[in-house]
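Asker: Got a structure here, written out as structure tokens. Questions coming.
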Amino acid sequence: MSESISDDSRAPPLFRCITEPLALPKIATAPYRRPVLTEERGGGRPVLVLPGMASGDKSTALLRNSLAAAGYKPWAGGLGRNLTISPVKFRNLELRLLEMVGVERQHAIILGWSLGGFYARVLAQRHPAKVAMVATLGTPFSGHRKANHAWRIYEMLANHKVDAPPLPDDPAIKPAMHTIAFWSPVDGIVSPSSARGTDEERDEAIALPFRHFELGCSRRAVKQVVEALNERVALIEDA
């Protein structure tokens, strides 16, 4: 992984970072907000939804409820508070994925927001026979691991450095199935290029013009995410 940081790969300007907390009420109220309605094109496809750093499943409630309204079968990650990369939590997610695919009898879509996207991509890398599509929301999977404003807090919480996580997998390696990187040109936490990735690291990069903390809880962002999945789910075939 390259150690150089170009202008496009630097952590966002501080003025964007300090506005990110304006989205926190949307995260806090996510379980109580009505779903965003889109076409019902999910066809019962299971979607494993993973929250961002320092968040839990309540933060993804609006996204999961909106996926359910579109005909998907969303499953919460069950990670508890997602603070750092943990081999124990990753193993629990592997069991969750296997259970979900066994119950629903369809390959899964995995959707990870920020730190949850690391888990999403590695799960897809390790279990390609169980996963039909993987998507990340503002996940810094590409480039320099410190091209964001979260790495210092991460290292305070973790027992490892941000560039030496306890899982050996490289999240920048493209999983075998269709891979979408949702990124934001106005992200206040993560550099746009690290969330967008390169052509070799994902199949599609879709820009969402929202704050990092809004990517999974803003109604407009959720609508665009679900509609993007709707447009692509018909292309998925189970073996």
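The values are calculated or read from the model by the stated rules, or taken from the named source; none is laboratory data. It should be emphasised that the depicted structure is a prediction, and the values quoted were computed from it without experimental measurement. Note that each Cβ is placed from the backbone with ideal geometry, even for glycine, and that neighbours are counted across all protein chains shown. Side chains are part of the model used for accessible areas, which takes the heavy atoms of the whole protein and leaves out ligands, DNA and RNA. Shrake-Rupley method; radii C 1.70, N 1.55, O 1.52, S 1.80 Å.
Conditions (1) among the polar types (S, T, N, Q); (2) farther than 18 Å from Ser194 by Cβ; (3) assigned to a helix (DSSP H, G or I), marked per residue:
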residue: Glu99; (1), (2), (3): no, yes, yes
residue: Ile110; (1), (2), (3): no, yes, no
residue: Val122; (1), (2), (3): no, no, yes
residue: Pro140; (1), (2), (3): no, no, no
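Asker: Let me ask another. Checking Trp183 against (1) modelled with pLDDT of 95 or more; (2) over 23 Å from Glu214 (Cα atoms); (3) open to solvent by 20 Å² or more (accessible area, probe 1.4 Å), which test does it fail?
Answerer: (2)
Asker: Which residue, of Asn159, Asn82, is open to solvent by less than 30 Å² (accessible area, probe 1.4 Å) and polar (S, T, N, Q)?
Answerer: Asn82
Asker: Quick one: what pairs do we get from the stretch 105-127, first residue over 27 Å from His149 (Cβ atoms), second among the acidic types (Asp, Glu), C-beta under 9 Å, 6+ apart or different chains?
Answerer: Arg105/Asp238; Gln106/Asp238; His107/Glu237; His107/Asp238; Arg126/Glu94; Arg126/Asp169; His127/Glu94
Asker: So, Ile153, is that one out of contact with any Pro (no Cβ under 7 Å at 6 or more places or on another chain) and either under 30 Å from Arg105 (Cα atoms) or open to solvent by less than 30 Å² (accessible area, probe 1.4 Å) (or both) or not?
Answerer: For Ile153, the condition - out of contact with any Pro (no Cβ under 7 Å at 6 or more places or on another chain) and either under 30 Å from Arg105 (Cα atoms) or open to solvent by less than 30 Å² (accessible area, probe 1.4 Å) (or both) - is not met.
Asker: Looking only at residues that are open to solvent by less than 100 Å² (accessible area, probe 1.4 Å) and assigned to a helix (DSSP H, G or I) in the stretch 30-46, which one is nearest to Glu214 (Cα to Cα)?
Answerer: Per the stated criteria, the residue is Ala30.
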